[in-house]
1. Find the strands (runs of 3 or more DSSP E) located wholly in the range B:282-390 whose residues include 3 or more that are closer than 25 Å to residue B:219 by Cα, and list them.
2. Of the residues that make up the range B:215-230, is at least one in contact (Cβ under 8 Å) with a residue 40 or more places away in the chain, assigned to a strand (DSSP E or B) and out of contact with any Pro (no Cβ under 9 Å at 6 or more places or on another chain)?
3. Tell me yes or no: at least one residue of the range B:470-477 is touching a helix residue (DSSP H, G or I) at 6+ places or on another chain (Cβ under 6 Å), closer than 26 Å to residue A:114 by Cβ, within 14 Å of chain A (Cβ to nearest Cβ) and touching a residue at least 40 places away in the same chain (Cβ under 8 Å).
4. Go through the range B:293-322 residue by residue and tally those that are of a type in the set (Gly, Ala, Ser) and within 9 Å of another protein chain (Cβ to nearest Cβ).
5. Which residues, taken from the range B:279-304, are of a type in the set (A, V, I, L, M, F, W, C), farther than 18 Å from residue B:448 by Cα and crowded, with 24+ Cβ neighbours inside 10 Å?
6. Pick from A:101, A:88: which is within 11 Å of chain B (Cβ to nearest Cβ), modelled with pLDDT of 95 or more, loosely packed, with under 15 Cβ neighbours inside 10 Å and more than 30 Å from residue A:250 (Cβ to Cβ)?
7. Return yes or no: is residue A:313 in contact with a Lys or Arg (Cβ under 7 Å, 6 or more places away or on another chain), of a type outside the set (A, V, I, L, M), within 30 Å of residue B:337 (Cα to Cα) and surrounded by fewer than 22 Cβ atoms within 10 Å (Cβ to Cβ)?
8. Name every residue in the range B:435-469 that is within 11 Å of chain A (Cβ to nearest Cβ) and either surrounded by fewer than 24 Cβ atoms within 10 Å (Cβ to Cβ) or assigned to a helix (DSSP H, G or I) (or both), in order of residue number.
Amino acid sequence: MNLRYTIPLIAVIVLFLIAFLGAQVPGLQYVFGVVIPYLALITFVLGFAYRVIGWSRSAVPFKIPTTAGQQKSLPWIKHSKFDCPANTWQVVVRMALEILTFRSLFRNTRMKLKEGARISYQLELFLWVGALAFHYAFLVVLIRHLRFFIEPVPFVVQLIENVDSFFRMEIIYPVFKFGLPGVFISGFVLLAAVSYLFLRRLFVHQVKYISIASDYFPLFLIFGIALSGIFMRYVTKVDVTAVKELTMGLVTFQPTIPAGVDAVFFVHIFFVSILLAYFPFSKLMHLGGVFLSPTRNMTTDTRVRRHINPWNYPVPVHTYDEYEDEFREKMVEAGLPVEKMPQPAPAEEPASDSEPEQEEQKE
Amino acid sequence: MADETPKPEELIQIDHRPPKTDWMEVPVNIRKGMYCYASNPKSVEYVGLPHAREWNPLDEDWKLPENWQEIIHEGFKERLEKFRSFKVFMDICVRCGACADKCHYFIGTGDPKNMPVLRAELLRSVYRNDFTRMGKILGKVNGARPMTVDVLKEWWYYLFQCTECRRCSVFCPYGIDTAEITIMGRELLNLLGLNIDWIATPVANCYRTGNHLGIQPHAFKDMLDFFVEDIEEVTSVQVDYSINKKGADILFITPSGDVFADPGTYTAMGYLMLFHYLKEKYGLDVTWSTYGSEGGNFGFFTSHETMKRLNAKMYAEAKRLGVKWILGGECGHMWRVINQYMDTMNGPADFLEEPVSPITGTKFENAKSNKMVHIAEFTSDLIMHGKLELDLSRNDHLKVTFHDSCNPARGMGIFEEPRYIINHVCNNFYEMPANTIRENTFCCGSGAGLNAGENMELRMAGGLPRANAVKYVHEKYGVNMLACICAIDRAALPSLMEYWVPEVDVTGVHELVANALIMPGENERATDLRREDITGREGVEKVEEGESEGESEEQADE
């Protein structure tokens, strides 16, 4: 048994039980539906800000972008604008490509050591596809959920819902009625992507070796969120009107717990609350950190514009004078020009500052 | 040492599957052939770095200072505040594993702790324990562990198995740069006096004599004089050069390695010939310097402060000599330092002029502020403007491929300039596979101060991906010459080639330039600078060899 994923798995199951059982107790519904979500949101906002401010407080002493393309140098050499951005706009494009399309992950290769000692590197895009599917499905799910927090529902949200549910399929079966209401692809893509990311950690040896509890925990949690959401929508058919009453109550600071809200809903919102509260203190902060990564968000014009190091301080150096003092005789002997000619034995006036004899070393 | 290095057939047996045991449970095994000797205390002392002492990595007791844990903790904290890169990189890794098989050391050794992500986790695990709540609560399950002597040894072993090549940072979706983590880790180790001698002694040498090899000024001149002799034998032209000359147009700084050992010496001859040509034809006045006789900067592998202390000589010497701007030779980490650090550390160089090529009139806009131009930029500009008379056929005996050195590639982005030059001085140029060049280039396996003799197994393993790609073009196109723009490459790649692809030699780009360069007043050359026959010139009478040594010694004695 590997504690690194069993502990997070148990943790998520325990969280489920807490919410599921807790929701059966009438008084506790207010805690799960109102108190915890508020606390979680506050933790998220403050925690996120705290982390980002923490990073920004650290200095950026040097400009250290990773140059992944041709520098801007001579006018007739083609500059790779977005892999070696020379100005702010080019950096913006580089960052946009990175954040919106996971450009660096798109470069991913897989190394193989083949027969005859030949090493190959093949393009490997599963991780890129999986990561894109995960993040974009999550984003669509998030946007869709704005329906619960804004009245009237904005057009954009409706548009996305329509696109998301274009695919229609109906299974009408006593216990499993699928297809009504419209099926949102995003939820299932999210579930599938989370499963892929988990299985990858489990079965790709190298990834398994480096994975720790905080890699598994959010995957299980998000799996739980997606699953409970899907369950509510397609199986238990939660009372959406009641849920919206609850969520609008949260938004308008007039929290209420309407009757008829399913226990699964409390599980769902509890998981989401946990995710929000956990977010700022975990690797999930890559959401904020990616914007601050000095190897990506800096211009490569380091020889054109001097970057200032806020803590630059003077350091001891070995000066030319000290150097010449040590080697003067040898230099003179070798015919190398010196600043001060060696002094004859008796002490004299210090050598004048006038131009020393500057011998050419060539005869 | 070399005898104990496994044979290539043995070294290629690599298992990339990590062991069953949790990595924290696998104790570090400091193995002969994989580590470099501890720093000589005299060198550490000379530059005033802390805790100089005799110690041996193989010993149980590393003679650490009493409060070493406190030193590490405080040093860690300080660096988290001083370097956003460090703090962000400690926090945001999601362990997606994209970097895992991108590291040449992992590819070559299969040791999971050479996966960039795990190398970073070596530090991150302590970071979690010391600086995060989640780490404190969950402990090992969440990848946190307290700092112990064993952890420290593990740091030392694996931070000196990273060449700071930044290949992983190209593939990381957040741009996490293991070089940055290694740089910080090595700084922390240096706080405890735990450097390797291959770095510490060059640092001390450079501080004192101006170059890593400890070449004193008169000897430096002797070496250039030898080159003058050699060049005369091949070309019958006696080249003229200057050292420490005040009022020259340009100060030229290049790694001392090229002045010292083959095949870098041929590149150094290439510089001498180019500058002589430019002086004769266009009156360009370039000076070398003995005080600034080192382009490289092993301080960069020690600490930011040491880097700054060594780098300071470049501007200081340019100021003293009153040159207009500085020209830098072919070197790898030297250019990372010049490109990304120098102006910030030791600038502004407002006593210099914005670099303009006096021959072509080209303004090097890209070096406007730091006033230092890369020789590949300079020479490619000369060629573009037709300022060099070149006979490409003199490189016809060579089938050339080009190795992008890590630092100029991923810390500067100089890809086209050297290729432009090669394509204009050689007829036979072949690229290695795309996944192994340019921003994807593989390290020589010996960078960041690891090109010692005692860690040959590590170097050969780390250089495997590079060598494998060279082997591919060697077999496919008959490539017999590996060109590069890095002095450490020129020192390290020959042994790598000899080990994996013995038929391939190593050259600097300016050696190829010099072979092709038609010098005013030269004879018809029968050989290249290495005295190897040029294709189609077999009949040409060769200049006799043999007299060179006696003669040049005489001259040096004068």
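The values are calculated or read from the model by the stated rules, or taken from the named source; none is laboratory data. Keep in mind that this is a model prediction, so the values were computed, not measured. Backbone-built Cβ (ideal geometry, glycine too); neighbour counts: all protein chains shown.
1. Ranges flagged: B:286-288, B:325-328.
2. No; the residues of the range B:215-230 include none that is in contact (Cβ under 8 Å) with a residue 40 or more places away in the chain, assigned to a strand (DSSP E or B) and out of contact with any Pro (no Cβ under 9 Å at 6 or more places or on another chain).
3. no
4. Qualifying residue count, the range B:293-322: 2.
5. Across the range B:279-304, the qualifying residue is only B:288.
6. Only one candidate passes the filter, namely A:101.
7. It is false that residue A:313 is in contact with a Lys or Arg (Cβ under 7 Å, 6 or more places away or on another chain), of a type outside the set (A, V, I, L, M), within 30 Å of residue B:337 (Cα to Cα) and surrounded by fewer than 22 Cβ atoms within 10 Å (Cβ to Cβ).
8. Matches in the range B:435-469: B:435, B:436, B:438, B:439, B:440, B:464, B:465, B:466, B:467, B:468, B:469.
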